[in-house]
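We did not get these values from a lab; they are worked out from the coordinates using the rules stated. On a predicted model such as this, the values are computed, not experimentally measured, just so you know. Please note: Cβ atoms are built from the backbone with ideal geometry, for glycine as well, and neighbour counts cover all protein chains shown.
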């Protein structure tokens, strides 16, 4: 039977130098009350310190003093971070970028599958996911900064089976974990009934418990034994050592939202406001033109997530299924700190189950972001401009989907770009170049994509490119844009220019609906 303890007592269970698993997908499932107590303990007692933190999308909400790992950002608490995404907590992202924390980033789908392997006492997982990218040991081997390289820790190994290359991600021991869920009964059964996502809570709990570690679960409410719906019990009491009652936190993702859990269903078109007509909407609209009836689609964070708004506005949502790596099928995915949840979901499963679909090629189309691209269509989103970021689910999704659409702004930095009179008007362009001769990190390999026959497109507000015969080829240009000044002059290399180069669809630059749902 699990023991009910305070957050301060939970923090007291943390030993200096231990490896600690922390639940969370951004702001969701973040054990903020325990993290608060850990930060306070360090400031008053000097412990816990020198921790190795293991997480998926390491919890945070993009705020400096927000939720998740921001609560343990004090120098010295975290020595090493192993996660798929590092920058939801700005302070932790900076510490990784400045080599104050040794940082390793593995693809998110690998993380969940590896936790399951650790829980099952398997030596690790063998997969094709990550070949040709920064995760490949012939490149960085998941080490995203110099301090990680100096540690010499081996996360992944190259191996061959029947003459084909694979990656072997190695299992390792996790001493304890802290999780967040909705309810616990007094025996320790854990329910995620009020949570919009299931993430990798069960896999992490199994990885820790089955290897002699300590499982601590923070919950919103503790109820009598037998009062939980057994269909909603995600983690059985046999896994759980301690329960902590959560305190009120400034984290909107931890608040009960029935439209995100499927407990109520919003009328079609409500709950998600249409986007204003600006250059970012142009990008999302052009990406939405790639949607087809009956498709299963994944959307990434940022501009790609805005495709859901356009689909909702155009009446496309009911014609296809949008999905998220958190395990969500259907509905209208959200962005920002609530990325990972969806209004009116059809179903909510575990993240590891969703990645089985993704890795097996179950998606028809994905729309993802891009920080940098090179002449052969390789993409970097994991480390750029001095920032260690990590891929999240990007590698699993991009590497295994037949149609890949990268949707992003053409340049980076401060801009003044408007949509006026059916044209794109660039008053001030960004100083940052995104189309590079060579990439600092490869998160998507254009060479691998060519070998597997993927259909790859790059969509920006002023130009659209396709990868044809292994080369980035300009196929569309926005009305009002000068080819040499606004496109080619803002690239480090000259792409192939299609013989039938034409203007982007005029509807993209006009107010009102485009009529996509009527096609």
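The table below lists the values:
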| quantity | calculated |
| --- | --- |
| FRET efficiency, 1/(1 + (r/R0)^6) with R0 45 Å, evaluated for residue 496 and residue 40 via beta carbons | 0.20 |
| Burial ordering of 426, 216, fewest other beta-carbon atoms within 10 Å first | 426, 216 |
| Gain on full stretching of the segment that runs from residue 263 to residue 6 - 0.36 nm per residue minus C-alpha separation | 89.5 nm |
| Förster radius 22 Å - calculated FRET efficiency between residue 193 and residue 224 (Cβ-Cβ, nearest 0.05) | 0.90 |
| Anisotropy class of region 65-222 from Cα gyration tensor, a/c 1.5 cut | oblate |
| Three-way shape call for region 289-371 based on the alpha-carbon gyration tensor, with the a/c threshold at 1.5 | rounded |
| Mean residue ellipticity (222 nm) of the chain, computed from DSSP H runs ≥ 4 via -39,500 (n - 2.57), nearest 500 | -5500 deg cm²/dmol |
| Global geometry of the chain, whether rounded, prolate or oblate, following the gyration tensor of its Cα atoms and the 1.5 cut on a/c | prolate |
| Rounded to 10°, Cα long-axis angle of helix 108-119 versus longest principal axis of the chain | 30 |
| DSSP beta bridges in the chain [antiparallel fraction, %, rounded to 5] | 45 |
| Residues of region 341-368 with amide N under 16 Å of the 7 Å Cα→Cβ point at residue 128 | 356-364 |
| Relative contact order %, the chain, counting alpha carbon pairs below 8 Å whose residues are six or more apart | 13 |
| Spin-label model distance (nm) - residue 158 vs residue 452, 7 Å beyond Cα toward Cβ | 1.8 |
